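Scroll down for the structure; my scribbles are underneath it.
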Amino acid sequence: MDAMNIGEAAKASGVSAKMIRHYEVVGLVPVPKRTESGYRQYNDSEVHTLRFIRQARDLGFSIHEIGELLSLWHNRKRPSRLVKALAEVHIQALEQKTQELLTMKNTLEHLVHSCHGDERPDCPILDVLASNEPLVAGRGNGHALTGRRKKPAA
């Protein structure tokens, strides 16, 4: 296929033109050849790399991790155990993030259940948000919302 401009490469790879430029700046993809008038030009191999990056981003890998994956992908003599180890570390991070999100969800569900949601101005959700205590375990001083929140003194 002929060389593509950045818009065509974006469409072919599923990566926005803005992100393609960002990936160039951070070094994930090399700066492409340019036309005499200065327009970027991409070939099939570069678009394939952009698709690889998009797939890795869809799985939640960081820019740094994607750089490592790209390096391993281009190294045909790599041991697959390195790729597997990187993926396993990422799975652990995703599991931790999942637990954090579940804790946030449970805390918010408790707060919503505690709020009458009527015409009264009293709202436990706002009271807790305005407090100096952290809502979620692992943040701030580590106290989690227990569900037995005292009303602030008037």
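From Glu65, Glu88, Glu95, grab the single residue that is within 14 Å of Tyr23 (Cα to Cα) and among the acidic types (Asp, Glu).
Values: Glu88 fails: within 14 Å of Tyr23 (Cα to Cα); Glu95 fails: within 14 Å of Tyr23 (Cα to Cα).
Result of the check over Glu65, Glu88, Glu95: Glu65.
Here Leu82, Leu129, Leu70 are screened, and the one residue that is touching a helix residue (DSSP H, G or I) at 6+ places or on another chain (Cβ under 9 Å) and in contact (Cβ under 8 Å) with a residue 12 or more places away in the chain is Leu70. Look at (1) open to solvent by less than 50 Å² (accessible area, probe 1.4 Å); (2) of a type in the set (Gly, Ala, Ser); (3) part of a loop (DSSP other than H, G, I, E, B) and you find that Ser37 fails only one, number (1).
Residues in segment 127-138: is at least one part of a helix (DSSP H, G or I), open to solvent by 80 Å² or more (accessible area, probe 1.4 Å) and at pLDDT 95 or above? Among the residues of segment 127-138, not one is part of a helix (DSSP H, G or I), open to solvent by 80 Å² or more (accessible area, probe 1.4 Å) and at pLDDT 95 or above, which makes the answer no.
Total residues in segment 1-31 satisfying the condition of being assigned to a helix (DSSP H, G or I) and either over 22 Å from Leu72 (Cα atoms) or without any contact (Cβ under 8 Å) to a residue 12 or more places away in the chain (or both): the figure is 14. For Asn75, the conditions (1) closer than 15 Å to Met19 by Cβ; (2) surrounded by fewer than 14 Cβ atoms within 10 Å (Cβ to Cβ) are fulfilled apart from (1). Of the numbered conditions (1) within 27 Å of Ala12 (Cβ to Cβ); (2) in contact with an Asp or Glu (Cβ under 8 Å, 6 or more places away or on another chain), His116 satisfies every one except a single condition; which is it? The failed condition is (1). The condition (being aliphatic (A, V, I, L, M), surrounded by fewer than 11 Cβ atoms within 10 Å (Cβ to Cβ) and either within 24 Å of the chain's Cα centre (by Cα) or not in a helix (DSSP H, G or I) (or both)) is satisfied by just one residue among Leu86, Leu82, Leu102: Leu102.
The values are calculated or read from the model by the stated rules, or taken from the named source; none is laboratory data. This one's a predicted model, so the numbers in the text were calculated from it and none came from an experiment. Here Cβ is always computed from backbone atoms with ideal geometry, including for glycine, and neighbour counts include all displayed protein chains. Accessible surface is based on the protein model in full, side chains and every heavy atom, while ligands, DNA and RNA are left aside. Shrake-Rupley method; radii C 1.70, N 1.55, O 1.52, S 1.80 Å.
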